Every structure is written in structure tokens, then in C-alpha cells.
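Here is the structure we will look at.
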Amino acid sequence: MQWAGTHRYHHATADTALDPHSPVQRGFLYAHVGWYLRSGNPVLCLAYAAGGPARMLVDAWMRPRTNQEHNALAEDVSADRWYRFISRPWPYAVAMHLHAGISLWLAHRWWGAAGVLGIWLTLAALYNAGDAIDSVAHVFGRKLEKQPPTNSATDIRQHQGTRRLARQGARAAAQAYPRCRPGSHRRKTKTPTTALVLLGASGARGRAQLVTRKEAQRLWRA
């Protein structure tokens, strides 16, 4: 749920000041892997990127406990019993330890040290290839014509007040994620941000603002 919610929020705010992992705003290493760790420290980021199976042990603790603020965007994922279970801290930790331990054990049993090294390099390459979507893909290549500009904070300051931006955010979020439109959920939920109006800016500071369901419905109708 953590990854899905953060990734959807990233798509709604790509390369703006609200983007949780934009290389344009927060640097290449932070966008590549630092946002997992909540650190832009180059040593930590590079060690994590090269971690291979050891990276899973870090994820086992951190993934279910960090970057949870956008989970409301993944209510469709959390509705699935299996994803809801595996997103809990202990089931996720057990899965990650088994994944790392079994792969290394099998590689060592069949091919010895060369097998361990092969598994390590393979996993490191696969993980970094996936991480490159958040970093390399935002630095190189041409931007689509429909994408907004990336001078972020300047753009946010140009909006006339938080309410106007919140209304735009409500409509954009509902268009991007129809299942999460205010009032579209039949079941009740404890999350105050079912409407997903996470694009409201707090003055010129450009910080994300959480809006209650009732307020979001009012903004949607405005």
C-alpha cells in the first residue's frame, strides 16, 4: 500500500514541490533511492542501491513504517485482503527475510560463492533498474506536451489562495483516480482523506494539505 499510494501521489504532483521523490526538486540520489530511507545522504543512498539482497532487510523494517502519508490513495489496494495483510509490519518483515535468505542459500548451495555474488549483482541491477524510473526517467528524455512545467514553487505561488488550488487538486485527483472520487465509496472508511485532495498548498510554502471528506466534497461541488 505504501508504494502504491506514494507512486500515485507522485504522478499527481510530478516534478513539483509536492512530489515526494523528484530529482528536479530533491536531487538525483534522493529520487533514486533516498526517499525510501528519508535521507539524501550520498553514502547511505549508494550503500542501499548496491545492497542487493541486504536491501531487503532494510526494507523489512522501513517500508511498513515510513512514507505512509499517502496510503489513502491506495484504498483499492488495501481493499484486497492479501495486500492488506502483507503490508503489515511483521508479515512484510517475514516475507523479506525469507526472500533474501532462501535466494542466497540456494545460490550458495548450488554454485558456492560465485552463486552468492551472482544473486547479489542480479538483484542490485534489477532494483536499480526499477528505481531509475523515479530518477533517470525524470532527468533524461523529452517531456510530454501535456505535462505541466517543473518550476514548482513558483507555479504554486501563482495560485490565488489555498482553496482554488485545492479545488483543482480535487478535480485532478478524481479524474486520475475515479474510484477515489468523493462519495464513490460505498463502504465507510476511517481515513480522513478519501477524497484525496492532497494538492492544497499552505500559502507560498507549497506544503501538501490534508482535507477532510466533508470539505473535499464541498470543494468538488464548488
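Readers should treat all values here as calculations from the given coordinates under stated rules, not as data from a laboratory. From a predicted model like this one, the values you see are computed outputs, not experimental measurements. When we count neighbours, we look across all protein chains shown, and the Cβ atoms used for this are built from the backbone with ideal geometry, even at glycine.
On the basis of the beta-carbon distance and an R0 of 25 Å, residue 57 and residue 81 show a calculated FRET efficiency of 0.45.
Rounded to the nearest 0.05, the FRET efficiency derived from the C-beta distance between residue 11 and residue 132 at R0 = 25 Å is 0.90.
Modelled spin labels at residue 50 and residue 97, positioned 7 Å past Cα toward Cβ, are 2.7 nm from each other.
For segment 2-149, report the % of Cα-Cα distances exceeding 27 Å. It would help to have the intermediate numbers written out before the result.
On the way: 3171 of 10878 pairs.
That fraction is 29 percent.
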